[in-house]
Amino acid sequence: MIVNFLSVNTTWNREKVVEIMCKMNFEAVFLDLPEHFEPFLANGIIPTADLGNSQDLKACEPILKFCWEKGISVYCYLDTKASKERNDVQVEIARLVLRSKIAKKIDLKEWKKIIFRDIFLRDSSCEYIEMKVRENLKEENACLNLPLKVELALERDFKVERIVVYDFKRPIDRLYEIALRELSGEDVSDERWLEIIRRHISFVDTVVEVGYEDACKFVWI
């Protein structure tokens, strides 16, 4: 049995994951963290994280403490290269936000380029993620944010249940939604792209004002 929790990287949302986990008997947990964290976590140690992974690691602390208390095995399914690529994308998007604010103009071509590239990189890492999970599966397993492609591949051999713990409606989530639609052949107008990019810039401004964790509680329609 595999339960895939779809959860945003905030402490308060991961606490909701733990509330559900308390009602089940998991033997292994697979986290969307870089693989080089795994030896530390296996020994009950919170490793030092760089800026790109600090929020993800902080958010996972409620799950980690629960696993350590219950003796649940912890695995990290992102290889080092994939983790670095994701961090690089975050930096590039942050630069685009800053550039857009300074120039008061959005370079839509550059926004699309980095988001499409990220989608390709995430898709290319799915095979490794599936292998990592398959090699370490126990009878009852919890996974955090497994990609849909991996989830569907695992369903061929295992019972997989998806539990949505966060309604992903942040502007950045919407950007990836329309990017996937466009990649599938749908015509998405430039106006729609620009509208959501502006909302993402507003989201970043809100993060500066109230912090990331609180900003993720707001309803971003």
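Among 134-144, 202-212, how do they line up from the highest to the lowest mean number of other beta-carbon atoms within 10 Å?
On the way: 134-144: 16.8, 202-212: 13.8.
Result, highest mean first: 134-144, 202-212.
Please work out the C-alpha center-to-center distance from the range 142-209 to the range 1-64 and express it in whole Å.
20 Å
In the range 61-151, which chymotrypsin sites (Phe, Trp or Tyr not before Pro) are in a loop and have at most 13 other Cβ atoms within 10 Å, using DSSP for the loop call?
Of the chymotrypsin sites (Phe, Trp or Tyr not before Pro), not one in the loops of the range 61-151 has a Cβ with at most 13 other Cβ atoms within 10 Å.
Among 101-109, 18-26, 168-176, how do they line up by average Cβ neighbours within 10 Å per residue, starting with the highest?
On the way: 101-109: 10.8, 18-26: 13.1, 168-176: 17.0.
Packing order, densest peptide first, comes out as 168-176, 18-26, 101-109.
Quick one: Karplus J couplings for the range 121-126, per residue in order, coefficients 6.51, -1.76, 1.60, θ = phi - 60°, nearest Hz, x for Gly and Pro?
Calculated HN-Hα couplings, in order: 5, 5, 5, 5, 8, 4 Hz.
What net charge is computed for the residues neighbouring Val97, neighbours being all others with C-beta under 14 Å from the C-beta of Val97, Lys and Arg scored +1, Asp and Glu -1? Kindly include the intermediate steps, with their values, before the conclusion.
On the way: positive: Arg95, Arg99, Lys101, Lys104, Lys105, Arg170, Arg198, Arg199; negative: Glu92, Asp107, Glu110, Asp205.
Net charge in that neighbourhood comes out at +4.
Pairing the Cα long axis of helix 11-21 with the longest principal axis of the chain, what angle in degrees results, from 0 to 90 and rounded to the nearest 10?
Compared with the principal axis, the helix lies near 40 degrees.
Ignoring ligands, DNA and RNA, please state the percent of accessible area on the range 99-221 from carbon and sulfur, probe 1.4 Å. Don't skip to the end; give the middle numbers.
Values: 3910 of 7400 Å².
With neighbouring chains kept in place, the figure for the range 99-221 is 53 percent.
Could you tell me which of Asn136, Ile20, Ile114 has its Cα farthest along the dipole of the range 1-146 towards the positive end, charges placed at Cβ (Lys, Arg +1; Asp, Glu -1), taken about the Cα centre?
Ile114
Considering all alpha-carbon pairs of the range 90-221, what whole percent are spaced by more than 22 angstrom?
So the portion of pairs separated by more than 22 Å is 49 percent.
Assuming a viscosity of 1.567 mPa s and a temperature of 4 °C, what translational diffusion coefficient in µm² per second does Stokes-Einstein assign to the range 100-139, Rh being the Kirkwood radius over Cα pairs?
Values: Rh = 12.8 Å.
Stokes-Einstein gives a translational diffusion coefficient of 101 µm²/s.
Hey, can you find the accessible area per residue of the chain for me, probe 1.4 Å, expressed in square angstrom?
Details: 11880 Å² over 221 residues.
That works out to 54 Å² per residue.
With only Lys, Arg, Asp and Glu charged, each at its Cβ (+1 for the first two, -1 for the last two), find how big the charge dipole of the chain is about the Cα centre; round to the nearest 20 debye.
Numbers: 34 positive and 40 negative charges, 118 e Å.
In total the dipole reaches around 560 debye.
Around Ser7, under 12 Å between beta carbons, what's the net of Lys plus Arg minus Asp minus Glu among the other residues? Intermediate results must be reported in sequence, preceding the final value.
Numbers: positive: Arg14, Lys16, Arg162; negative: Glu15, Glu19, Asp32, Asp56, Asp167.
Net local charge, Ser7 excluded: -2.
The values are calculated or read from the model by the stated rules, or taken from the named source; none is laboratory data. For clarity, every value in this text was computed on a predicted model and none was experimentally measured. All Cβ positions, even for glycine, are placed from backbone atoms using ideal geometry, and neighbour counts span all protein chains on display. Surface accessibility is based on the protein's heavy atoms, side chains included, excluding ligands, DNA and RNA. Shrake-Rupley method; radii C 1.70, N 1.55, O 1.52, S 1.80 Å.
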